Each structure stands twice: as C-alpha cells, then as structure tokens.
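Notes to accompany the following structure.
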Amino acid sequence: MVTRGASHSTVVDGSLQARELPFGSNSVQHGTAVFEGIRMYATPTGPALFRLDEHLQRLLDSAALLGIPHAYDLASLRGHVRDAAAASGLDNAYVRPVLHTREPRLGVNLRDFHFTLGTEIWALPPDDTAPPAVRVTVSPWCRPSRLTFPVRAKATGTYVVSALARTRASADGFDDAIQLDPNSGRVAEATIANVFLVREGRLVTPWLEDSVLAGITRDTVLTLARDLGIETAEVPVEPGELPAADEMFLTGTASGLVPVAAVESHTYAAARPVTDALSRAYREAVLGGDPSRSSWLTPVPHP
Ligand code: PMP
C-alpha cells in the first residue's frame with residue numbers, strides 16, 4: 001500500500017527543486033490540478049514503470065477535459081517522469097506526476113494560470129506483497145455527477161469526495177466505501193479504486209456510462225481475464241448485486257487487486273478462485289514475469 005511508503009522526493013520539471021508549493025497557489029486553494037498514480041516495480045531486468053504511456057495519456061486527457069493550459073505532449077511527459085523515477089534511485093515505488101500551478105494568484109479561470117509538472121515519488125518496501133482482503137460499506141456520498149464534472153478526468157479537487165466517503169466508512173468500522181452514481185443510483189466505484197464482481201464464473205464491472213474513472217488496472221484486469229478465457233461484462237451494476245456475487249475485488253494502481261472480504265453485513269466465501277487467478281496474472285505482468293506483457297513495462301535507467 002502507498003501509505004506504507006518510507007521516503008519521498010520531489011522533482012519539478014525534471015530537476016530537483018524546492019519542495020515548497022506557495023500556499024496561495026491556485027492548486028492548493030481550489031484543488032485545480034490533474035494527476036496520475038503510476039507504479040514502479042523491481043523486475044528481473046531492473047526497475048520499470050507499469051503502463052506509463054496509458055497513465056500519461058490519461059493525464060493529458062484530464063488536462064484537456066478541464067481546459068488546463070500547459071506545454072507538454074506525451075513524449076515530454078514520458079521524459080520527465082522517467083528522469084524523476086531514475087533520479088530517485090528507487091526500484092519499488094509509487095510515482096505521482098501532478099500538473100499544477102505554482103502561482104500565488106486568485107481566480108478560477110484556469111486559462112489565467114501556467115501549469116507545470118511536478119512528480120512526487122514514495123518508496124515502497126521490498127516485501128510489497130498482495131494486499132489483505134478489505135471490508136466495505138456502501139457510502140451515502142455518491143461520486144461526482146457527470147452533469148457537474150467530467151468524470152473521466154483525474155483531478156485533485158474531486159478527491160474531497162473520496163475523502164468524505166472513506167472517512168465516514170472508517171468511522172463506521174469499514175476499510176473502504178462503494179460509491180454510487182448520483183444519477184442512476186447504480187454502483188460506480190470505490191473511493192480510489194474500481195469495482196469487480198464475479199458471478200457464476202463471469203467477471204462483471206460497472207460500465208463507463210456511470211460515474212466511473214476509466215481505471216488502467218481495470219483495463220489490465222479485463223485484458224488478462226479475456227486472455228485467461230474468463231467471460232467479462234462491462235454493464236450497469238445495481239447495489240443489490242454486490243452481496244449476490246460469489247467474489248468481489250477492487251482494482252487500482254496503488255494496490256493492484258484487493259479482495260473484498262465483506263460488503264456491509266454480507267461475508268463472501270473465503271475461496272476466491274477467479275480473484276486469485278487474476279491476482280497471479282496481474283503480479284506476473286507487473287513484476288516482469290510474463291514476457292507476453294513486456295510492452296506494458298517501461299524500463300527506468302538507474303543514474
Ligand atoms: N477510481 C478512482 C476514483 C481512483 O482514484 C483510482 C485510482 N487512480 C481508480 C479508480 C483506479 O484507477 P487506476 O487503476 O488507473 O489506478
């Protein structure tokens with residue numbers, strides 16, 4: 001888990017700079033920034049970033065959806081993030097590029113600001129093994145509506161909503177919360193992860209028509225499942241379908257596949273054959289143990 005990270009470093013525009021972000025920065029004052037979370041894994045051939053280009057393309061898409069002005073393209077972002085990862089000297093880490101504004105100026109017109117890339121890197125312990133199963137509740141706090149926010153954008157400000165749901169879930173004795181789409185009332189996602197169900201051997205995840213981030217781990221798991229011959233479906237999911245499932249798990253870059261032990265008062269069976277098979281395939285892919293997935297790994301040169 002990311003929160004177990006022991007150290008961190010900040011790189012701005014490829015060179016180490018002061019960590020301090022001006023308190024008056026619009027990104028601090030109003031949450032006006034877009035970001036990514038990328039995993040660097042120790043592989044047999046050295047450290048590598050998992051699905052780097054897909055993450056950076058989503059960063060560019062997030063900026064475009066919000067109208068954030070900046071001077072980057074995919075190649076320059078790739079260079080900055082690889083340099084930052086290499087400069088850290090780490091091989092197992094969580095890498096967070098943030099397109100933010102450093103100017104201490106007031107206002108909410110994003111076109112008035114200059115946005116620049118900063119990358120924060122958290123070291124992860126070498127024994128970063130598969131995460132334990134979690135207990136989840138269904139949150140009273142819905143995801144932001146697609147009528148109020150472009151839900152495909154990964155923007156810092158919207159994480160207040162995740163924080164509300166997670167804080168409330170924790171106070172109620174749960175590890176995480178499932179959040180609903182406010183317009184349809186259907187299952188959207190967890191606070192920082194996508195949701196998967198297994199029912200009679202079929203893998204189901206909420207479709208992107210609801211208020212769901214197009215998770216890169218979600219896409220990875222769907223691809224791995226299809227290649228393993230598991231039937232997949234991206235469909236509307238009603239909250240009542242959660243306890244009716246045989247297995248449930250969450251997906252996100254930070255933790256990979258996280259099994260769900262219980263939703264509200266319903267406990268899932270301890271045997272999770274589909275979750276286990278997909279977790280194994282996922283770990284093989286990210287750790288460089290599956291040569292057919294090498295295109296998903298970008299090597300990081302050590303300085
Ligand atoms: N939904 C939300 C709200 C998230 O913050 C994340 C984490 N980025 C995800 C889903 C999972 O996305 P990914 O697999 O790309 O990390």
Residue by residue through region 238-255, note down the ones that are part of a loop (DSSP other than H, G, I, E, B) and within 15 Å of the ligand (Cβ to nearest atom).
THR253, ALA254, SER255
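Kindly evaluate VAL160 against the criterion of being assigned by TED's automatic domain parsing to the domain that holds HIS70 and within 16 Å of the ligand (Cβ to nearest atom).
On the way: assigned by TED's automatic domain parsing to the domain that holds HIS70: no; within 16 Å of the ligand (Cβ to nearest atom): yes.
Answer is no for this residue.
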Could you tell me which of the residues LEU77, LEU65, LEU59, LEU99 is of a type outside the set (Lys, Arg) and in contact with a Lys or Arg (Cβ under 7 Å, 6 or more places away or on another chain)?
LEU65
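What about ARG135, is it within 29 Å of ALA190 (Cβ to Cβ) and assigned to a loop (DSSP other than H, G, I, E, B)? Let's see the steps before the verdict.
Working: within 29 Å of ALA190 (Cβ to Cβ): yes; assigned to a loop (DSSP other than H, G, I, E, B): no.
Considered against the rule, which asks whether it is within 29 Å of ALA190 (Cβ to Cβ) and assigned to a loop (DSSP other than H, G, I, E, B), ARG135 comes out as no.
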Provide a single number: the residues in region 207-233 that are within 11 Å of the ligand (Cβ to nearest atom) and outside any helix (DSSP H, G or I).
5
Search region 258-292 for residues being within 20 Å of the chain's Cα centre (by Cα) and without any contact (Cβ under 8 Å) to a residue 24 or more places away in the chain, and hand back the single one that is farthest from ARG202 (Cα to Cα).
GLU284
Taking region 182-204 and keeping only residues that are assigned to a strand (DSSP E or B), more than 11 Å from the ligand (Cβ to nearest atom) and not basic (Lys, Arg), one is left with VAL187, PHE196, LEU197, VAL198, LEU203, VAL204
Collect the residues in region 31-57 that are part of a helix (DSSP H, G or I) and buried (at least 21 other Cβ atoms within 10 Å of the Cβ), keeping them in residue-number order.
LEU52, HIS55, LEU56
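Inspect region 104-119 for any residue being under 21 Å from ILE192 (Cβ atoms), at pLDDT below 95, crowded, with 18+ Cβ neighbours inside 10 Å and in contact with a Gly (Cβ under 8 Å, 6 or more places away or on another chain) and give the result as yes or no. Give the steps one after another, and end with the answer.
Kept after step one, since they are under 21 Å from ILE192 (Cβ atoms), are these residues of region 104-119: 118-119.
Add one more test, that the residue is at pLDDT below 95, and what stays is 118-119.
Restricting the remaining residues to those that are crowded, with 18+ Cβ neighbours inside 10 Å gives 118-119.
Filter again for in contact with a Gly (Cβ under 8 Å, 6 or more places away or on another chain), leaving none.
Looking through region 104-119, none of the residues is under 21 Å from ILE192 (Cβ atoms), at pLDDT below 95, crowded, with 18+ Cβ neighbours inside 10 Å and in contact with a Gly (Cβ under 8 Å, 6 or more places away or on another chain).
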Tell me whether region 186-198 contains one or more residues that are among the small types (Gly, Ala, Ser), closer than 15 Å to PRO239 by Cβ, more than 15 Å from the chain's Cα centre (by Cα) and surrounded by 16 or more Cβ atoms within 10 Å (Cβ to Cβ).
no
Output for Cβ contacts, cut-off 7 Å, separation at least six or different chains, first residue in the same structural domain as SER255 (by TED's automatic domain parsing) in region 211-235, second within 16 Å of the ligand (Cβ to nearest atom) and acidic (Asp, Glu), reads SER211/ASP181; VAL212/GLU189; LEU213/GLU189; ILE216/GLU54
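Looking at region 90-98, can you tell me whether even one residue there is within 14 Å of the ligand (Cβ to nearest atom), under 16 Å from ASN26 (Cα atoms) and of a type outside the set (Lys, Arg)? Spell out the reasoning first.
Within region 90-98, the first condition is being within 14 Å of the ligand (Cβ to nearest atom), and the residues that meet it are 94-98.
Okay, now just the ones that are also under 16 Å from ASN26 (Cα atoms), so 98.
Checking which are of a type outside the set (Lys, Arg) leaves us with 98.
Checking region 90-98: at least one residue is within 14 Å of the ligand (Cβ to nearest atom), under 16 Å from ASN26 (Cα atoms) and of a type outside the set (Lys, Arg).
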For the list (1) aliphatic (A, V, I, L, M); (2) closer than 20 Å to VAL258 by Cβ; (3) within 11 Å of the ligand (Cβ to nearest atom); (4) outside any helix (DSSP H, G or I), I need the number of the one condition that VAL151 fails.
(2)
Return the total of residues in region 10-30 being in a loop (DSSP other than H, G, I, E, B) and modelled with pLDDT of 50 or more.
9
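The values are calculated or read from the model by the stated rules, or taken from the named source; none is laboratory data. Just so it is clear, the structure is predicted and the values come from calculations on it, not from any experiment. Every residue, glycine as well, gets a Cβ built from its backbone with ideal geometry; the counts of neighbours run over all protein chains shown.
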